[in-house]
1. Which whole-Hz ³J(HN,Hα) couplings does segment 179-184 yield from phi under the Karplus relation 6.51 cos²θ - 1.76 cosθ + 1.60, θ = phi - 60°, glycine and proline marked x?
2. Going by average Cβ density within 10 Å per residue, which order do the peptides 137-144, 107-114 take, highest to lowest?
3. In terms of modelled amide H atoms, which long-range or inter-chain residues lie less than 5 Å from the amide H of residue 113?
4. Quickly rank 163-169, 73-79 as a protection proxy: mean count of other C-beta atoms within 10 Å, highest first.
5. If we sort 152-159, 96-103, 64-71 on the protection proxy, mean other Cβ atoms within 10 Å, highest first, what's the order?
6. When the dipole is taken about the Cα centre of segment 123-182, and only Lys, Arg (+1) and Asp, Glu (-1) are charged at their Cβ, what size is it in debye, to the nearest 20?
7. Under 5 Å between amide H atoms, partner at least 5 residues away or on a different chain: which partners does residue 192 have, H built in plane at 1.01 Å?
8. Considering amide H positions built from the backbone, and no H for Pro or chain starts, which residues 5 or more places from residue 141, or on another chain, come under 5 Å of its amide H?
Amino acid sequence: MRLEDGGGAVLAQKVHDISGERFCHIRVVRQSACPLLELFHAALRGPTATASREGSFYGRYRLCAIDGTILTLADIEQNRYKYSKHAGHHGGTGYPQARLLALIACGTRSIMDVVFGPTTIGETTYTPQLLRSMDEGMLIMADRNFASAGLLHQLRKTGAQFLVRVKLGRQLPVRQILPDGFYLSVLAGQPVRGLTVHAETTRRTETYRLVTSMCTWTRPASACPSASTPAVPGSGA
């Protein structure tokens, strides 16, 4: 089945007419995932945020994020051939599982790109496949698992900027302390602007270390943090 020449409408009608169980069987056994993959690339993939949507942009940069999750799959032979079940102390999981990694537009939560595969492959190994959807108009946010030197180098080659969390035990040299509480440093062989933040709640205090490739960026007034206390690395962080 093709999505060309009205194929999308045909696919939608077929989905409406069959049950979820029957659709899963047809998709996996008879047609594979090709029609749904074409539908994703034709109608769903890509940013939809506008400048007026809150949380969509930081200055001229579109706010995007990379993150992953684990999906449970149907326990059928076709899935077990490629996707393994997780081991455990009580016999492991009952179903095969897949790792999914997505590039998300933060303002609308729309999926700009996605890759998936066996859970035996880690998130950072899948991440380079998302570089195809990054460009110089994006600010990519990611957690500390993605702050590897090689990965950040590849990301910057796309023209995109990054804002990543790094582990507290990672020693970053302080080249210059800036008046706004940030400091200039080096990460993965390239200059970065860093900030160590102590975030207080009613129950506990969390410490986060953030770095961005935007070393000379002036923060928009609306984007300035209001509930955090900056700290210099080595001052108890």
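1. Each residue of segment 179-184 in turn: x, 8, x, 6, 9, 8 Hz.
2. So the order, starting with the most tightly packed, is 137-144, 107-114.
3. For residue 113, the qualifying residues are 46, 103.
4. 163-169, 73-79
5. Values: 152-159: 15.8, 96-103: 19.6, 64-71: 17.5.
Ranked from most to least packed, the peptides come out as 96-103, 64-71, 152-159.
6. It works out to roughly 240 debye.
7. Close amide H contacts, sequence-distant or interchain: 185, 186, 187.
8. Amide H neighbours of residue 141, under 5 Å, 5+ apart: 64, 65, 66, 163.
FYI, it's all coordinate maths here, none of it is from the lab. Bear in mind that the values here come from a model prediction, so they are computed numbers and not experimental data. Cβ coordinates were reconstructed from backbone atoms using ideal geometry, including for glycine residues, and neighbour counts include every protein chain displayed.
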